[in-house]
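See structure below.
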Amino acid sequence: MWADAIVTLIKLAVVIGVLLTTVPIMVWVERRGSALIQDRLGPNRVGPWGLLQPVVDAVKLITKENLIPDGVDHFLYILAPFIALAVALSTFIVVPFGQGDGLTLFGSKIHGFIVAPDLNIGILYIFALAAFGVYSIVIAGWSSNNKYSLLGGIRSSSQMISYELAMTISVVGVLMASSSFRLDQVVMAQTGTWLGFIPKWNVFPQIIGAITFMVAAFAETNRLPFDLPEAEAELVAGYHTEYSSMKFASFFMAEYINLVTSSALIVLLFFGGWTLPGLTIPHGWAGAILSLVIFAAKVAFFLWFFVWIRWTLPRFRFDQLMALGWKVMIPLAVVNFLWVGVAMALGIL
Amino acid sequence: MAFLSAHFVAIVFYVLAVLAVAGGVGVITFKNPVHSALSLLGTFLMVAGLFVLRHAEFLGAVQLLVYAGGIMVLFLFVIMLVNVRRLSPDAAFLSRRAPLAVLSGVVFGALIAFGVLAGSLGHPGGGATALQMVQGHVMGNTEAVGWTLYRHFLVPFEIVSVVLLVAMIGAIIFGRKDAGLEGRGGRMEP
């Protein structure tokens, strides 16, 4: 029993460590990537290629004065960044990140590379927590006692409620095709090929669902072109206008961690997780490491995709955002769900 | 330590139950409507925790998704839009309805007591796996809920969904004053 607890603790430490390490790397990728796309140099003074810039930024944020403005609701103002970070970090415990079946550590089975292996609601847990993440933004916006913050909070709550529907419905098709809520079984259902060369990834039969899910993921993570809650031209900085130092950094970190989780979900649900067509991953530690590398490479691609889109597309107007969510995305997600149902009934899928 | 591991479930249950009730008390005692709404959210979370503790993981997740993720966000949304910071200091305007509140509280308590009694008499010793049984096999809470809902209670389920659909259409009709004006210069501002 103690060995199990230690294994779980190690997995938890690794997951949180990797997530928190990804944040500075992503900040660097974002700044250098935007510079690349806009034909600028980007940060290049601190360390080779500006690699140490995020470290310097972190030191700056940690040592900044911890300012609490007058007139804020103290308790909620301080609580909001905690919720953001806690929700972002705890979503990842049902995300499997490699093939680790049958491996042992200190003589205790590790039950796959996932922190909570026996939670059979898997993806539902992620949606439930993600729904909870809205509160950090709403509470931050309200407790700041600032018009711009409040508007940002209201915008984000309506945006997240709207796109959550499209996101959830677009996942239903995948869950039907793999008949499980557990993400490791979703990946298992995507091994093999059709006609010998098309990988059995959900993205091919369910391209509509995949597109809907990705668009909704952009909206849920408040990224451009859907970053209306913090549209700086209209709202200063939206819900985190009144936040500074580490409280601001918590929102910032939560945003990037949510980005990692969204990329991981896109890979797991639609792009076959750690499988590659024509490749049988061997058992044992060698196979486990191979699967980790494949999964990390796919997630890295989608992280870059998020950066790429952000610096390519302009921002939507708020009414366009709502119209797109309710009148295009939700119907498309339902079409995908109907198509999967019909295809399964006919025996095509 | 031995005490902790032996009574782990009971300890978690009492902590969650006390916090759930505390949240309920908070809803009616806080002066600030946002604080009240957030304590109601706390109650919902604790109830979700109780569901998970009894191995009804699906119900727990749905509780979070529907109540915490949907309904409470809408409550907060409305409270923030009308921007009430504090209720008026003389909260006496509600005390006229106190008898009605007591009456409905008593009726509700009696209903719950009746339900618990009937449940404990009807299904003695349900146990943790009872919520995961599908035709005598232990499968999972999601499968068990789905099986019960779509096999034994299909007609009530469909009736409820029609009622919800009617409510939804009604809400849209009430909400759309300028029907058909969106997208033609009629802008929807948040």
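Numerical summary
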read-out	value
Chains A and B together, accessible area buried on both sides, 1.4 angstrom probe, square angstrom	2800
In degrees, nearest ten, helix A:74-91 long axis to first principal axis of chain A (Cα)	20
Å² of accessible area per residue within the protein assembly as shown, as computed with a 1.4 Å probe and no ligands counted	53
Within the accessible area of the protein assembly as shown (1.4 Å probe), percent carbon and sulfur	73
Minimum 30 Å² accessible area buried by the other protein chains, region A:118-154 residues, probe 1.4 Å, relative to alone	A:120, A:121, A:124, A:128, A:131, A:132, A:135, A:138, A:142, A:150, A:154
Structure-based [θ]222 nm, chain A - -39500 (n - 2.57) summed over DSSP H runs of at least 4, per residue, nearest 500	-21000 deg cm²/dmol
Tilt relative to chain A, helix A:123-143 - C-alpha long axis, 0 to 90 degrees, to 10	0
Cα convex hull of chain A, projected area averaged across orientations, nm²	19.6
Heavy atoms of residue A:274 accessible to a 1.4 Å probe, total area in Å² rounded to 10	10
Helix A:2-37 axis, angle to chain A major axis (alpha carbon atoms, nearest 10°)	60
Cα-Cα over 32 Å, subset of A:11/A:147; A:64/A:298; A:64/B:31; A:11/A:247; A:200/A:327	A:11/A:147; A:64/A:298; A:64/B:31
B:55, A:240, B:35, A:283, ranked by accessible area, largest first (probe 1.4 Å)	A:283, B:55, B:35, A:240
Accessible area, probe 1.4 Å, largest first, for residues B:45, A:151, A:224, B:76	A:151, B:45, A:224, B:76
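The values are calculated or read from the model by the stated rules, or taken from the named source; none is laboratory data. The structure presented is a predicted model; accordingly, all values stated were derived computationally and were not measured. Side chains included, ligands, DNA and RNA excluded: accessible areas come from the protein's heavy atoms. Shrake-Rupley method; radii C 1.70, N 1.55, O 1.52, S 1.80 Å.
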